[in-house]
Structures are given as C-alpha cells and as structure tokens.
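Asker: Let me give you the structure first, and then I'll get to my questions.
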Amino acid sequence: MRSFHLTFPIVVLALVLSAAGCTSSLRTPQLGGLYNALASRSDVDRNPVIVIPGIIGSRLIDQRSKRTVWGAFSGNFANPSRPDGARLLALPMRLGAPLHELRDDVVSDGVLDRVRLKLLGVPIELRAYAQILAILGVGGYRDEQLAEAGAVDYGDSHFTCFQFDYDWRRDNVENAARLDCFIHEKREYVQRELKRRYGVEREIKFDIVAHSMGGLIARYFLMYGDADVLNGAPPAAPPWTGARHVERVVLVGTPNGGSIDSLLNLVQGAEIGPTLPHIESAIVGTMPAVYQLLPPAGTEALVNRADGQPLEYFDPQLWEKLGWGLASPAQEKMLSILLPDEADAHRRHQIALEHQRKCLERAKQFHDALAVRSPLPPGLELYLVAGDAEQTPAVAEVNKSTGALRIARFGPGDGTVLRASALLSDSRAISAGRHANPPIDWSGVHFIFRDHLGLTKDPVFADNVLYLLLERQRRPLASTVTH
C-alpha cells in the first residue's frame, strides 16, 4: 500500500537519511546575502504573504478534550487504531445531511511545522513545514537549519507574513470560504498596522505560497471567492472574485490534475509510517477533501485490468460493486466504531454508501469548476513549482472480479503528483508532439528534481520564491501618507 503522504515524506526515509548523515556537495545560495536588504525594508514596500499547507499539513485538535487529533504520534494523541481515536479523526456521517452540516469538535491549530513521534520508544522530531515558514518569515519563525544557509533577516518589526491552517479533512470549497474570511481579516489588520506604524494608507494585495492541496484551495478561492458553485453546472466563466485581493501566487507540487495516491488511500487505507497506526479506508472515506484529490474525470487514470479500458471512478455504483472504501465489507467493524449509535448493520451500510456518493459527486463538481477555461485577470500572476524527476503513479488498474487495485504505469513527477497533473496538461498530447493547451494560464513554471515535500526544502525553491516575492518588479500600489 502507498502511504498517505501528500504533504511530507515517508518517515522511514527521513530517519534513514538522518541516521546516515547524508549530505550534498551541491552548493547552495547564501539567501541572507542575496535578500537581507530587500527583506529588511519596511513592510510598507511589500505585499503580505500567506502560506497554505497541503493535506495533513495543519495540526488538528479536539476542542473538548484538547487532545491532538493530528500532528503528534506519541502521548495522548488520537490513535486511529483505537475506537476513540478513530472517531476523532473521522468526520461524522448522517443520512440526508449535506456534507457541510456534518461537523464535529475538531479544529485546526496551526501549520504543522514539525512532526513528533516515537520510534521504538525513542522520541523523534521531523521537520515538516519549518523551512518554508522560516524562508518567508512567517510570524517571525526561525529554523536552525536555515542559519547555515544564511537565513533571511526580515527585521524585528516584520508583521506581514501569515500561515493559513485549516481542517484538511473537510471540503475544499468550505476552506476556500475560510480563506476568504482570513484574507479580509488580515487585510484590515495590515491596513491598521501600516497606518499606526507609518501613517500610510494604501491598497493591500496579498501574495500566496501554497503547497499541494493548498494550491487547489487557493485556485478555487481566486476563481470564485467564498461562493459555492458546485450545486449545478459550472459557470461559463469564473468571476475571479478572490483575485481582487491577490497579486502573486506560487503553487508548489499542487495536484491540479489529481493524484492516484488519493484513490489508493480511499480504497486501501493510509499508511503514515512504518511504526505508526494504519488508517482504515472507512476513516479516510469520511473526508471529502481526499476525494477532491482524485484525478479529474476523463483522464483515464483508472483502467480495467482485463481489457485496459478506462473506468469512470466518480461513479458510486463502481465503488459499491467493487467493494471499495466505505462500501467494503471488510470495513463493517470500523463502521460500527464510527457509528456507535447505529445498532443495525444494514443502516450503517446505508449511511456509509450515501456518504461516499455525496463525496464522489462533490469531488467531480469541484474538478469541473476548476477546469473552466478563463485567462488570468489583469494584475494576477500564477506561478508553478513542480517536480519531474521521481517515478510517480500515473495509471491504476483494477481486477473487476476481486476489486484489487494496483499501479499499472508510472510517469515523471515528484513521487506523488505527476508533472502533467501539476501543469494540468494532457500528457498524451505531449507524447504525440502536440501542445497540451492547459486551462491554466501560467505566468511561469519551474521544475525541481525533488520529491513532494522536498520541493519546499530545496534551495532552488527558496531562491526562486524569494526572488518572486521580494525582487521581481511589480506594478505600483496606490498609497497616501497621513499625519
């Protein structure tokens, strides 16, 4: 089984590299020497920056018990192999209720800068988003490993970098609406601070750096703001509501064309590490966001093993026939744990199937909304950083007699997201020597030879994103000075 790693690398690999003391002879730029002068300039001269992590990249806590639901793997954390932990990690399910009404007491509690766990009883700490937060000066964040590379000094008065954490289990459209509220809140804050500190009033535009699924949230927000356009046919053209507040966006390893990993996790469950508990497919199957990471319809990412014909994996009847995810007979015990108030197994099965149907339908509509072709509005720049040097699952095949799923073909990518998915391009057109003509009008694309989370840790990424945010010329923003 493949691991649930759309955000950070496999724990074993990180431990092996750490133990081996792996080093690189590659020379890295002295970021501080390059960007200190620009970074230490007054925040009057810069756009505020928002960092958006990917799936499983935000810490989750239970408001009632204060237990960590996600982000710590030792102590009193919500262990998904135990009934209480499984119920905390899974989202509620209920017949007849729309997904946005299915709420619990779990909330996000900051970007997951570090992962804490125990290996054979020994406490281990792995860096997750620590480096990207430090690179961008989020909240004055500092990371000791960056000091060796000449960490960028934003000065003591720096106040315009923010981290947007969110409940990554929930629907991406919900989180886009939360991002809209977040931006309006931070916009008012920055305006107040600029006036208080410098006597300046000016238009506020944000820059966004979004990793993995965070890029899908950012794209939806840019196109539709806080509106939910999924209940019907997608609009002929997006209004680009959110783009009014944003100037530059850098998407890093974003699965614009989905990821086969999400299908494997929904069908087989998720592995988060060799010494950590397996997350059953019924738990993963309660989370709408994971379905929204499936490749869009028509990409032929799933084929019948017998004849190679593509299958429509957004069809709920296919999942029920194959016994996948919440429809799996093997998940009956887990369903009894997740639905303890439902004594009847048949009713639990009904609830699970309806929930799966709602999530699949919502995911297809989500991709349809993002696939609407429209040029970028004036003033918005959209950049992509992607990997293309790792073998990445490209096509899965299923035995329709048994429901068994396996990877049939690989392609270039970052190990999790295909190059073609990040670009949202048609790899078949490219292999035939034709232009792919993707629906996204990229302002620039940069490829890095790293895995999914390694993209954010690479000095090439750091150098280029700092150039885009600090040095590349911008249009002047209107401002006035008050006294």
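The values are calculated or read from the model by the stated rules, or taken from the named source; none is laboratory data. The structure displayed is predicted, hence computed values, not measured ones. Please note: Cβ atoms are built from the backbone with ideal geometry, for glycine as well, and neighbour counts cover all protein chains shown.
Asker: As an exercise: evaluate PRO316 against (1) under 24 Å from the mean Cα position of the chain (by Cα); (2) of a type outside the set (Gly, Ala, Ser); (3) surrounded by fewer than 23 Cβ atoms within 10 Å (Cβ to Cβ); (4) over 22 Å from PHE77 (Cα atoms) and give the number of the one condition it does not meet.
Answerer: Only one criterion is unmet by PRO316, namely (1).
Asker: Then there is this: Just checking, which of ALA134, ALA176 is of a type in the set (Gly, Ala, Ser), at pLDDT 85 or above and assigned to a helix (DSSP H, G or I)?
Answerer: On inspection, the qualifying residue turns out to be ALA176.
Asker: Restricting the search to region 57-73, which residues are out of contact with any Lys or Arg (no Cβ under 9 Å at 6 or more places or on another chain) and part of a loop (DSSP other than H, G, I, E, B)?
Answerer: Selection gives GLY57, GLN63, ARG64, SER65, LYS66, ARG67.
Asker: Next up: What is the one condition in (1) of a type in the set (Asp, Glu); (2) within 22 Å of LEU424 (Cβ to Cβ); (3) surrounded by 21 or more Cβ atoms within 10 Å (Cβ to Cβ) that GLU280 does not satisfy?
Answerer: (2)
Asker: Restricting attention to helices (runs of 4 or more DSSP H) lying wholly within region 414-481, give those where 1 or more residues are crowded, with 21+ Cβ neighbours inside 10 Å, out of contact with any helix residue (DSSP H, G or I) (no Cβ under 8 Å at 6 or more places or on another chain) and modelled with pLDDT of 90 or more.
Answerer: So the answer is 419-423.
Per-residue answers, yes or no, for (1) of a type in the set (Asp, Glu); (2) more than 30 Å from VAL465 (Cβ to Cβ); (3) within 21 Å of the chain's Cα centre (by Cα); (4) surrounded by fewer than 18 Cβ atoms within 10 Å (Cβ to Cβ):
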{"site": "LEU360", "(1), (2), (3), (4)": "no, yes, yes, no"}
{"site": "GLU390", "(1), (2), (3), (4)": "yes, no, yes, no"}
{"site": "ALA394", "(1), (2), (3), (4)": "no, no, yes, no"}
{"site": "LYS400", "(1), (2), (3), (4)": "no, yes, no, yes"}
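Asker: Let me ask you something else. Hey, can you tell me all the residues within region 137-173 that are modelled with pLDDT under 70 and of a type in the set (A, V, I, L, M, F, W, C)?
Answerer: LEU146, ALA147, ALA149, ALA151
Asker: Yes or no: region 298-309 includes at least one residue that is more than 24 Å from LEU418 (Cα to Cα), surrounded by fewer than 19 Cβ atoms within 10 Å (Cβ to Cβ) and in contact (Cβ under 8 Å) with a residue 12 or more places away in the chain.
Answerer: Yes: region 298-309 contains one or more residues that are more than 24 Å from LEU418 (Cα to Cα), surrounded by fewer than 19 Cβ atoms within 10 Å (Cβ to Cβ) and in contact (Cβ under 8 Å) with a residue 12 or more places away in the chain.
Asker: For region 250-305, give me the residue count where each residue is among the β-branched types (Val, Ile, Thr) and touching a Pro at 6+ places or on another chain (Cβ under 7 Å).
Answerer: 4
Asker: Might you let me know whether region 283-305 holds any residue that is of a type in the set (Gly, Ala, Ser) and touching a Leu at 6+ places or on another chain (Cβ under 7 Å)?
Answerer: The answer is yes; a qualifying residue exists.
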